Amino acid sequence: MTTSLHELVEMVLARKISAVSLIEEACDNAVAHSELNAFICLDRHGALQKAKCIDRELASGSHRRPLAGIPIVVKDNINVKGMHTTAGTLGMNFLPKSSAPVVERLEGCGAIVVGKTNLHELAFGVTSNNAAFGAVRNPWDIACFPGGSSGGTAVAVAAGIVPAGLGTDTAGSVRLPAALTGIVGFRPSTGSLSSQGVVPSVPAFDTIGPLAVSVEDTIYLFEVMTRGSVPQCKPINQLRLGLAHPLFDNLSPGVNQSFRALISTLIDAGVDLVEVDLSPIVSAALEIGFPIGFHQMRTAMGHFLANYQPQTQLEGLVAMIKSEDVKEVYQESVLGPKAPPDSAYQAALKKLPAVRDSYSKIIQQHQLDAIVFPTAPIEAQPLETSSYQLELNGQTLPTLDTLIYNNVSAPVTGAPSISIPIGPGTNGLPVGLEIDGLPGADLALLAVARQIEQVITLQK
């Protein structure tokens, strides 16, 4: 589907196309692209029943919903009434009594969930190479991973199966797959959207985030989700953006080429670019992020299971994990000998406010509208050889650590963060630009992203 969300809605409201036809097209596309393994479940029958209701509403002159008949997908760690939640792991499988509030909002506005999407098992990983439900594959090259953990949603959008979907982001899980599949992924400020009805990873950092083809579609979706309105941004030649060291200091040749070309384009457009040192923030985010993360992965998942699947204990869930990388983390760092003690967890929590304050001061002192850097330092890599380690500029590095490095600041600082496509790398695979803003200034950040997207579009 290449038509914008707004245009699709207008066509449905004007009855130029039917909601039923949109759902049939999305479901047909999902089947046609089954080699991508983007879905854990596809609900054609249920989605068509909802589409028929939308079409009947419009025929009778009922109220005009802002997402009338739009097919969307939802990552399978977010509850959708009538569809099982698995979080991509064999030890979890329950039928929620209600949808997560964010899903309820979208469905109330006329969106139709056609299916639940595949993900890195328990949303802990960056490749979406899921041993329980099979690896998700990148539509640009099916031998490569699409990023994670929201790989299935990103692939469903990037492949044109649906125009938009929902993922979750703890340390890059929306932004990374968006970057590696050439679409837009938005991580709102922590806490700006309800996380109720979401299988938790790290509640201090978790958020639902939309994925779509363009910034405009992302804005349209987020405005509907929040009842907000993105303001008019200042002219492009009045923007002041921070170039964040060390987040563009070690890039693959292809990412470096695309990023440098974009910087040149922004300079030509009159953007004021200021180099800033974000290394203290990145170091602090890594230092406190892991003890908070591993501690909350234990406590939050235990509470979630007690509420939604009380017959299952956390130890039993972990025993059924199939992906070795995920199982090792849970056995060693969440439940095992490397698990952070309460004292380390509390100490890390106490440092959070200072890190957030330092980050905000950097933006304010330099009078920045946003901070920019590559979303990922390298393009998508082959599944068979790079799920655990990858090669970057002659070095063999851990895949997870390498790919989250540019993404960890936003969850710890609570900042809104968006990845937008800036063109292919030298291997033809997508490259993403990350744009981070001030915590709470989600709508302002989206306005900046729209301006940058327009410059990129004009350049093509």
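With all protein chains present, calculate the accessible area of Lys351 using a 1.4 Å probe and round the result to the nearest 10 Å².
Lys351 has an accessible surface of roughly 90 Å² with all protein chains in place.
With a ≥ b ≥ c the root eigenvalues of the C-alpha gyration tensor of region 208-252, is it rounded (a/c under 1.5), prolate (a/b larger than b/c) or oblate?
Details: a/c = 2.79, a/b = 1.50, b/c = 1.86.
The shape class here is oblate.
As a test of the formula, what do you get for the chain when each DSSP H run with n ≥ 4 contributes -39,500 (n - 2.57) and the sum is divided by the residue count, at 222 nm and rounded to the nearest 500 deg cm²/dmol? If you can, show how the numbers build up before the last one.
Numbers: 16 runs with 189 residues, N = 460.
Calculated at 222 nm, the ellipticity per residue is -12500 deg cm²/dmol.
Does region 375-448 classify as rounded, prolate or oblate by the C-alpha gyration tensor (a ≥ b ≥ c root eigenvalues; a/c under 1.5 gives rounded; else a/b over b/c gives prolate, otherwise oblate)?
Working: a/c = 3.35, a/b = 1.74, b/c = 1.93.
Taking the square roots of the gyration eigenvalues as a ≥ b ≥ c, region 375-448 is oblate.
Find the relative contact order for the chain and round it to a whole percent, using C-alpha pairs within less than 8 Å whose residues are 6+ positions apart.
Details: 1045 pairs, mean separation 81.5, N = 460.
Answer for the chain is 18 percent.
Relative contact order for region 118-269: what percent, with Cα pairs under 8 Å and sequence separation of 6 or more? Each step should come with its number before you reach the end.
Working: 249 pairs, mean separation 24.7, N = 152.
The value is 16 percent.
Place a point 7 Å from the Cα of His303 along the Cα-to-Cβ direction; which residues of region 317-360 have their backbone N under 17 Å from it?
What the label zone holds, given the 17 Å backbone N cut-off, is 342, 345-346, 349-350.
Could you order Glu7, Glu223 by accessible surface area, starting with the largest, using a probe radius of 1.4 Å?
The ordering from most to least exposed comes out as Glu7, Glu223.
Cα to Cα, under 17 Å, and not fewer than 8 places away if on the same chain: which aspartates and glutamates meet these conditions relative to Lys350?
Glu287, Asp342
Between their Cα atoms, which of Lys50/Lys75; Lys322/Lys351; Lys50/Lys116; Lys75/Lys322 are more than 24 Å away from each other? Present the calculation step by step, with values, prior to reporting the outcome.
On the way: Lys50/Lys75 20 Å; Lys322/Lys351 35 Å; Lys50/Lys116 16 Å; Lys75/Lys322 19 Å.
Going by Cα-Cα distance, Lys322/Lys351 fall outside the 24 Å limit.
Would you list, by chain and number, the aspartates and glutamates whose Cα falls below 13 Å from the Cα of Lys338, excluding same-chain residues fewer than 8 positions away?
Cross-link targets: Glu328.
Dipole size in debye (nearest 20) for region 98-216 around its Cα centre, Lys and Arg Cβ +1, Asp and Glu Cβ -1?
Values: 5 positive and 7 negative charges, 13 e Å.
Here region 98-216 has a charge dipole of around 60 debye.
Tally the DSSP beta bridges in the chain and give the antiparallel ones as a percent, rounded to 5. Could you put the intermediate results ahead of the total?
Values: 36 of 53 bridges.
Taking every DSSP beta bridge with both residues in the chain, the antiparallel ones total about 70 percent.
Mind checking which of Tyr388, Leu438, Asn427 is farthest towards the positive end of region 352-460's charge dipole, using Cβ charges of +1 (Lys, Arg) and -1 (Asp, Glu) about the Cα centre?
Sorting the options by dipole projection puts first Leu438.
Going highest first, how would you order 64-75, 334-345 by mean Cβ packing within 10 Å?
Details: 64-75: 25.7, 334-345: 14.2.
The densest-packed peptide leads the list: 64-75, 334-345.
Show me the ranking of peptides 292-300, 357-365 by mean Cβ neighbours inside 10 Å, starting with the highest.
Values: 292-300: 21.1, 357-365: 14.9.
Descending mean neighbour count gives 292-300, 357-365.
Sorted by packing (mean other beta-carbon atoms within 10 Å per residue), highest first, where do 10-19, 389-398 land? Can you show the working numbers first?
On the way: 10-19: 16.0, 389-398: 13.2.
My ranking of the peptides, most packed first, is 10-19, 389-398.
Please label the shape of region 330-456 as rounded, prolate or oblate, based on the square roots a ≥ b ≥ c of the eigenvalues of the alpha-carbon gyration tensor (a/c under 1.5 means rounded; beyond that, a/b larger than b/c means prolate, else oblate). The partial results should precede the final answer.
On the way: a/c = 2.63, a/b = 1.06, b/c = 2.49.
Taking the square roots of the gyration eigenvalues as a ≥ b ≥ c, region 330-456 is oblate.
Run the quick spin-label model on Glu328 and Phe94: label points 7 Å from Cα toward the beta carbon, then report their separation in nm to one decimal.
So the label points at Glu328 and Phe94 sit 3.0 nm apart.
Tell me, what HN-Hα J-couplings in whole Hz come from the Karplus equation 6.51 cos²θ - 1.76 cosθ + 1.60 at θ = phi - 60° for each residue of region 46-62, using x for Gly and Pro?
Along region 46-62, the couplings run x, 5, 5, 4, 5, 5, 4, 5, 4, 5, 5, 4, 5, 5, 8, x, 5 Hz.
Lys81: which aspartates and glutamates have alpha carbons under 16 Å from its alpha carbon, excluding same-chain residues fewer than 8 sequence positions away?
Asp43, Glu104, Glu107
Under a 5 Å amide H to amide H cut-off, with H placed in plane at 1.01 Å, what residues pair with Gly209 once short-range neighbours are removed?
For Gly209, whose amide H was placed from the backbone, the distant partners under 5 Å are Gly167, Thr168, Asp169.
Rounded to a whole number, what % of the accessible area of region 256-344 do carbon and sulfur atoms account for, probe 1.4 Å? Mind showing how you got there, number by number?
Numbers: 2200 of 4290 Å².
Reported share for carbon and sulfur atoms: 51 percent.
Consider the candidate values (1) 0.92; (2) 1.14; (3) 0.97; state which one is Cα Rg over 2.2 N^0.38 Å computed from the structure displayed.
The listed entry that was calculated here is (1).
The values are calculated or read from the model by the stated rules, or taken from the named source; none is laboratory data. Treat the numbers as computed from the prediction; the structure is a model and nothing was measured. Quick reminder, even Gly has a Cβ in these numbers, built from the backbone with ideal geometry, and neighbours come from all protein chains shown. Quick note on the areas: whole protein, heavy atoms, side chains included, nothing else; ligands and nucleic acids left out. Shrake-Rupley method; radii C 1.70, N 1.55, O 1.52, S 1.80 Å.
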